[in-house]
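The values are calculated or read from the model by the stated rules, or taken from the named source; none is laboratory data. Being a predicted model, the structure only gives us computed values, none of them experimental. Cβ: placed from backbone, ideal geometry, glycine included. Neighbour counts: every protein chain shown. The area values use the complete protein model at the heavy-atom level, side chains included, leaving out ligands, DNA and RNA. Shrake-Rupley method; radii C 1.70, N 1.55, O 1.52, S 1.80 Å.
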Amino acid sequence: MKIFNSYSNKLEEFIPVHKGIVNMYVCGPTVYNYIHIGNARPVIFFDTVKNYFEFRDYKVKFVSNFTDVDDKIITKAIELELTEKEITDKFISAFLSDVEKVNSSIDYIKPRVTNYMDHIIEYIGILVDKGFAYVVDGDVYFRVSKVKNYGILSNRKIDDLLVGARIEINNKKENPLDFTLWKKTDVGIKFDSPFGEGRPGWHTECVAMIDDIFGEQIDIHGGGSGLMFPHHENEIAQSQVLNNHSLAKYWMHNGLLNIGDSKMSKSEGEVILVKDLDVNPNGFRLFTLSTHYRSPINYTDEALDVYIKEWEKILRTYSALYLKLDLSDMLYGNGKIDPDLLTIYKEFLDAMDNDFNTANAITALQNLNKKANQLLRSKTEDSVLLSAKKLFDDFFNVLGLKHNKKPLSKEDKDIYILWNKARAEKDFDNADKYRNILQQKGII
RNA sequence: GGUCCCGUAGCCAAGUGGCUAAGGCAAUGGACUGCAACUCCGUGACCACCAGUUCGAAUCUGGUCGGGACCUCCA
């Protein structure tokens, strides 16, 4: 398996820290609002990554946090006259419901920053003791200039960043690039610390939680490309000081999802919220996975619609396979290997092994779809159809495509038999009647 | 101002040195079919432009034009 590692900027063979185990962490949301479809991209992609590792028999420990301490949360709390906890509870549950809505698993470890305050404060203290952070008037800043290799992830040089000159001037900082570890606060929720009352900066949270939950360098750290700088860069800097390693062996960053040609942002432009998305989740999932994860996607209604239809097409084929096997009582058991199906299976594995090329994996799914239709039309023996069905099941599991096919009831089977009988006898009035019933029940 | 990414058929999109440049949508011709739906088969690209490296480039290098991101909270 190969993964493009943002840390080295190279395609690398994936070798886990521990054989057969994948420890991965994906930056989660700051819970002060509903998520938009751009936020759903990493949710869907990294869920697919997890599925694929599991499909390849890895044991995956998947962690994604909730940032539940933040200025935006405090602002929102004041605005709505609620406590911070009421705000974050509300948007955490909204987030999880949106995650499920796009067919991603919510069965993973979900730490909240507020539960790790002791660790965070402890780490900041260590950074201060080691001379990599300094306290000014209740704030604590990280001394970027002390870390060699700062900028390694995002390929930036400190000098180039300084030339940027768009960085806010803060007289307390020794260097404009120094980032906040602890922020003194007057309003909103605050926590006690040796540096004074305040709240932690964003960049320390993930490091502290990863260290506490995994206790060592993890395999994969994922997130959107927007997080590469400064967030992930700062995480690496802190981890180098605290643990003497780069936090994760492989860093993976997904590209952004734009609306039309421009970026979807919480602060400007058009935003489509996941909760308002009124389409088939499988179609949305195919749409999201149809572009390689590192490339940007330009969202348009038309582009999404193509994949909604694609899903309907795939489901029709799958339903037909399922029905045929159900009627023959052949839904379970071992299928017979067909060379073309084997080729398609290999295409799928090759695609996924090559840096999670889901676009090509979807092509394999489409090839399977076509092959299955050909098999269905050519009176193929059921054992081969069963292999095809099992291949669909595998692909669905990895890509997170869900359906609710169940074996037919005795009554429904009888109607199906009557329909075929009527057709054979050219009794088209009755045939149409039975067909209507079957169509209404979604059987055909 | 600094750093970086992208430009493949009407549209979406894979492919990053080597057979006839995947696949899907749309279009169009055909097959199947009681009708309809579904489905299958066929038909399309001098890979933005220019120059260079190479036996050979969409793929590497330089330049031009065009689009976008980051340097500030942002998936």
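Before moving on, here are some points about what is shown:
- Qualifying residue in region A:136-150 (condition: surrounded by fewer than 20 Cβ atoms within 10 Å (Cβ to Cβ), in contact with a helix residue (DSSP H, G or I) (Cβ under 6 Å, 6 or more places away or on another chain) and closer than 19 Å to A:Pro230 by Cα): yes
- Considering (1) in contact with a helix residue (DSSP H, G or I) (Cβ under 9 Å, 6 or more places away or on another chain); (2) surrounded by fewer than 22 Cβ atoms within 10 Å (Cβ to Cβ), the lone condition that A:Asp57 does not fulfil carries the number (1).
- Restricted to region A:181-263, the set of strands (runs of 3 or more DSSP E) holding at least 2 residues that are within 19 Å of A:Pro16 (Cα to Cα) comprises A:218-224, A:248-254.
- In region A:237-256, the qualifying residues are those that are open to solvent by less than 10 Å² (accessible area, probe 1.4 Å) and over 19 Å from the mean Cα position of the chain (by Cα), and the one that is farthest from A:Thr180 (Cα to Cα) is A:Leu247.
- Within region A:58-104, the set of residues being under 30 Å from A:Leu399 (Cβ atoms), away from RNA strand B (no atom under 12 Å from the Cβ) and in a helix (DSSP H, G or I) comprises A:Ile92, A:Ser93, A:Ala94, A:Leu96, A:Ser97, A:Asp98, A:Val99, A:Glu100, A:Lys101.
- Cβ-Cβ distances below 6 Å connect the following pairs, each with a first residue in region A:100-115 that is at pLDDT 95 or above, a second residue that is surrounded by fewer than 19 Cβ atoms within 10 Å (Cβ to Cβ) and assigned to a loop (DSSP other than H, G, I, E, B), and a separation of six or more residues or different chains: A:Glu100/A:Ile106; A:Asn103/A:Lys402.
- Condition met for A:Glu197 (buried (at least 21 other Cβ atoms within 10 Å of the Cβ) and either more than 8 Å from RNA strand B (Cβ to nearest atom) or under 20 Å from the mean Cα position of the chain (by Cα) (or both)): no
- Scanning region A:397-431 for residues that are free of Cβ contacts under 8 Å to residues at least 12 places away in the same chain and crowded, with 17+ Cβ neighbours inside 10 Å gives no hits.
- The criterion of at least 1 residues that are open to solvent by 70 Å² or more (accessible area, probe 1.4 Å) and more than 8 Å from RNA strand B (Cβ to nearest atom) is met, among helices (runs of 4 or more DSSP H) falling completely within region A:280-384, by A:301-327, A:339-353.
- Among (1) at pLDDT below 85; (2) of a type in the set (Asp, Glu); (3) under 30 Å from the mean Cα position of the chain (by Cα), the one test that A:Glu168 misses: (3)
- One residue stands out among those in region A:1-44 that are open to solvent by less than 20 Å² (accessible area, probe 1.4 Å) and among the β-branched types (Val, Ile, Thr): the one that is nearest to A:Lys59 (Cα to Cα), which is A:Val22.
- Residues (in contact with a strand residue (DSSP E or B) (Cβ under 9 Å, 6 or more places away or on another chain) and away from RNA strand B (no atom under 16 Å from the Cβ)) located in region A:15-49: A:Ile15, A:Pro16, A:Val17, A:His18, A:Gly20, A:Ile21, A:Val22, A:Asn23
- Restricting attention to region A:221-236, the residues being open to solvent by less than 10 Å² (accessible area, probe 1.4 Å) and within 14 Å of RNA strand B (Cβ to nearest atom) number 8.
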